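The values are calculated or read from the model by the stated rules, or taken from the named source; none is laboratory data. Computed from a prediction, not measured in an experiment: that's the story for all the values here. Heads up, the Cβs are rebuilt from the backbone with ideal geometry, glycines too, and the neighbour counts pull from every protein chain shown.
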Amino acid sequence: MNLILLGPPGAGKGTQAQLLQRERGLVQLSTGDMLRAAVASGSELGKKAKGIMDKGELVPDALMVGLIRDRIAQPDCAGGFILDGFPRTEAQAKALDQMLAETGKKLDRVIEMEVDEKALTERIVGRYTCAVCGTGYHEKFKRPKVEGVCDVCGSKEFVRRKDDNAETMKTRMAAYRAQTEPLLPYYSGRGVLRKVDGMASMDEVHRQISGVLAGT
Ligand code: AP5
């Protein structure tokens, strides 16, 4: 099963992709995580992407399409994947259609996560992740079971993203509205789009997504 999770910054795409990965063995393909790994490694891609990401703007389509084309061709994606953060523009959506057609794969569902804009900034500003395994947390909505210790790997180191602040959030939201929201009618017209209530609790959102997937 191949899925796209679509929604604004902070909608919960990464949170739900991690749950689906654990539960169903689908591979989470987070373009944001891939770019942050490229920045950390100092690769050419990372050097090009860093300033753009820090400002909250979108990295050029050609770079993003190349990244996903290589990734979905890897053997671990043969059993299904969850795209988290891609596509974000019409050009990326069209390139994805083409790469799926070329490799004989299909897109089963696009899940839109609807969240009020006011809630998004609170989610983004309170977010932090485990520095070792990348598990996501939130100061108010998802604290580790033992304070200061990652539930999954036991690490005591956590990191925050440079772009997770109220100012950069305005640019990220503007990019979402102008360039990514138009993908909703694109996928609705093809009959693959389903909506879930991203304002619900994490468990409830997961239940709603499972309900959508049960119907595929
Ligand atoms: P990316 O990393 O994809 O960021 P994003 O889309 O802004 O999304 P986020 O990761 O911020 O949010 P999320 O929806 O995953 O929410 P999460 O689950 O963490 O992209 C970063 C940058 O990279 C972009 O700005 C761009 O520059 C570049 N980029 C990436 N892909 C690109 C592409 N395809 N093309 C061009 N450029 C690209 O949840 C947020 C917080 O809320 C967490 O703390 C979580 O615990 C909490 N939370 C989650 N669900 C709930 C809930 N139901 N209730 C309460 N709290 C919740």
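Return the residues of region 103-130 that are of a type in the set (Gly, Ala, Ser), assigned to a loop (DSSP other than H, G, I, E, B) and within 15 Å of the ligand (Cβ to nearest atom); say none if nothing qualifies.
Taking region 103-130 as the starting set, the residues that turn out to be of a type in the set (Gly, Ala, Ser) are 104, 119, 126.
Next, only the ones that are assigned to a loop (DSSP other than H, G, I, E, B) stay: 104, 126.
Hit for region 103-130 is Gly126, nothing else.
One residue stands out among those in region 45-59 that are near the ligand (Cβ under 8 Å from one of its atoms) and either in contact with a His (Cβ under 9 Å, 6 or more places away or on another chain) or among the hydrophobic types (A, V, I, L, M, F, W, C) (or both): the one that is nearest to Ala175 (Cα to Cα), which is Leu58.
Here is a yes/no grid of residues against (1) under 15 Å from the mean Cα position of the chain (by Cα); (2) more than 9 Å from the ligand (Cβ to nearest atom); (3) at pLDDT below 95; (4) not in a loop (DSSP other than H, G, I, E, B):
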| residue | (1), (2), (3), (4) |
| --- | --- |
| Cys153 | no, yes, no, no |
| Arg161 | yes, no, yes, no |
| Met169 | no, no, yes, yes |
| Ala174 | no, yes, no, yes |
| Pro185 | no, yes, no, yes |
| Arg194 | no, yes, no, yes |
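Taken as a whole, region 27-43 holds at least one residue that is in a helix (DSSP H, G or I), within 8 Å of the ligand (Cβ to nearest atom) and among the hydroxyl-bearing types (Ser, Thr, Tyr).
Got a sec? Which of Leu63, Leu5 is within 24 Å of Val212 (Cα to Cα), touching a Lys or Arg at 6+ places or on another chain (Cβ under 9 Å) and near the ligand (Cβ under 10 Å from one of its atoms)?
Exactly one of Leu63, Leu5 is within 24 Å of Val212 (Cα to Cα), touching a Lys or Arg at 6+ places or on another chain (Cβ under 9 Å) and near the ligand (Cβ under 10 Å from one of its atoms), namely Leu5.
Which of the residues that make up region 85-95 are touching a residue at least 60 places away in the same chain (Cβ under 8 Å) and in a helix (DSSP H, G or I)? Glu90, Ala93 - these are the residues of region 85-95 that are touching a residue at least 60 places away in the same chain (Cβ under 8 Å) and in a helix (DSSP H, G or I). Here His138 meets the list (1) of a type outside the set (Val, Ile, Thr); (2) in contact (Cβ under 8 Å) with a residue 24 or more places away in the chain; (3) touching a helix residue (DSSP H, G or I) at 6+ places or on another chain (Cβ under 7 Å) almost entirely, failing just condition (2).
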